[in-house]
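Quick notes on the structure that follows.
The values are calculated or read from the model by the stated rules, or taken from the named source; none is laboratory data. Given the structure is predicted, the values throughout are model-derived calculations rather than measurements. Reconstructed Cβ throughout: ideal geometry from the backbone, glycine too, with neighbour counts over all protein chains shown.
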């Protein structure tokens, strides 16, 4: 995946008006922004089902669309893989999924985040249609 060094991160892509998000995505792509990072908010990110991603993918021609905070607590690996493979092949080539452990304050199951993320990735790899490693990144919250 050829990512531009400059992108835009916004919760408006996932939590705002979908039509306005499409218009903004087109304009941002025309201005040269190569990656549109779909922001989440604490407690939920509707981009995990890739619906918001599809809205921007269909509105643009080249931009990478990256739901950046898909919570591993809220989206089982098999459902994420199915959503990814539900996208048409040209859209999958422009989709980068950011997986997040999230914050202890909003995830009751938060224990040993590295261990849980590793188990999630193993389950993702073992799913019927795995999410390619090149189509995913891991987010990290400090320290």
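Can you tell me which residue in segment 83-110 is surrounded by the fewest Cβ atoms within 10 Å (Cβ to Cβ), limited to those that are at pLDDT 85 or above and more than 14 Å from the chain's Cα centre (by Cα)?
89
Determine whether segment 121-142 contains at least one residue that is more than 18 Å from residue 80 (Cβ to Cβ), over 19 Å from the mean Cα position of the chain (by Cα) and modelled with pLDDT under 85. Please lay out each step first, then the result.
First, the residues of segment 121-142 that are more than 18 Å from residue 80 (Cβ to Cβ): 140-142.
Still in the running and over 19 Å from the mean Cα position of the chain (by Cα): 142.
With modelled with pLDDT under 85 added as a condition, the list becomes 142.
The answer is yes, given that some residue of segment 121-142 is more than 18 Å from residue 80 (Cβ to Cβ), over 19 Å from the mean Cα position of the chain (by Cα) and modelled with pLDDT under 85.
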